[in-house]
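The values are calculated or read from the model by the stated rules, or taken from the named source; none is laboratory data. Computed from a predicted model, the values in this text were never measured in an experiment. Methodologically, a virtual Cβ is constructed for each residue, glycine included, from the backbone with ideal geometry; neighbour enumeration extends over all protein chains shown. Accessible surface areas use protein heavy atoms only, side chains included; no ligands, DNA or RNA. Shrake-Rupley method; radii C 1.70, N 1.55, O 1.52, S 1.80 Å.
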Amino acid sequence: MIPKNADETPEDADWSIAGEKKSQASAAASEGNYDDALKFYGEALEAEAVTASLSATTLAKRADILLKLDRPAAAVHDCDAALIINPDSVRALKTRGKANRRLGYWTKANLDLAAAQNIDYDPDLAELCSLVKDKAASELAKERDAERKKELEERKKKAAEEHRKKMQQEEAERAASSGPGMGGGMPGMGGGIPGMDPDLMASLQNPKVMAALQAMQSDPSKIMQYMSDPDVGPILQKMAAAAQSGGMPGMGGGMPGGMGGGMGMPGSSPNFGGGATGDDDDDELPDLEEVDEVD
């Protein structure tokens, strides 16, 4: 325990008490009686505090005794207090450096011992300083390696989280673009047609029908060929009828072959009405039986 300094020196201060106790402590230490030395230094510090003259040197000497008693943490505590009073106390720096070395704090020990040597070089301390310096360098390298590993792990976690969010966003965009029902698959029809007859919409999912629509989009002349197809023809007729009646909204770009203006697309077919000419007397849709077979 470190006594608290008095706010001011009393008029009847007795300076001899502290001096006597320090002499007793020094004598006990020289005889190897460290327990008594610790006791006398404690009493000396109490006497100094009463006279508002707490000494960095006395604190550092008690710290040295504590270190001899294998109490390095307590020694560091006394040295900390001593260095507050006198930051250039070589004795306190040396003792704290040795104590930190005992505690395994190599970097701290190196800093204290190097500072002490810079103030007052001690050749007897050179070997210890060299050992501590090497240990401190190794400790620092391990700390930096640990920091780099931690930083790398954090970067990996961040990259994985960003990738996960990106995949979620792309999945959400795909789901939004597919729209209801149609799944985005029919050329020219976007992601589904609100208001379309559910049976007709289901028929458009037929791979054969979708292939036919794609073929007609590439070559409009094939429309008559597919009109005679027993699977595709009836669906084309339904689509044309729906286009004429306005039952296929949103068909802005897409029936191949120009199947009628009523489907909201450029071009028209002579056989598929829906407002391409604007006349009221549109031709009726041909029956499948009336369409010539295409070789």
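Things worth noting here:
- At the residue level, TYR121 shows approximately 140 square angstrom of accessible surface with a 1.4 angstrom probe and all protein chains present.
- Around the Cα centre of region 133-175, unit charges on the Cβ atoms of Lys, Arg, Asp and Glu (plus for the first two, minus for the last two) sum to a dipole of about 120 debye.
- Isotropic mean projected area of the C-alpha convex hull, region 1-91 (nm²): 5.5 nm²
- Under Karplus coefficients 6.51, -1.76 and 1.60, residue-wise ³J(HN,Hα) of region 55-70 in Hz, glycine/proline x: 9, 5, 5, 5, 4, 5, 5, 5, 4, 5, 5, 4, 5, 5, 8, 6
- At the listed q of 0.12 Å⁻¹, the Debye profile of region 86-170, built from one uniform point per Cα, gives log10 I(q)/I(0) equal to -0.50.
- Pairs from LYS61/LYS142; LYS94/LYS142; LYS39/LYS135; LYS61/LYS98; LYS142/LYS165; LYS68/LYS108 whose Cα-Cα separation, in the structure shown, is over 23 Å: LYS61/LYS142; LYS94/LYS142; LYS39/LYS135; LYS142/LYS165
- Taking Cα centre as origin and charging only the Cβ of basic (Lys, Arg, +1) and acidic (Asp, Glu, -1) residues, the dipole magnitude of region 81-185 rounds to 280 debye.
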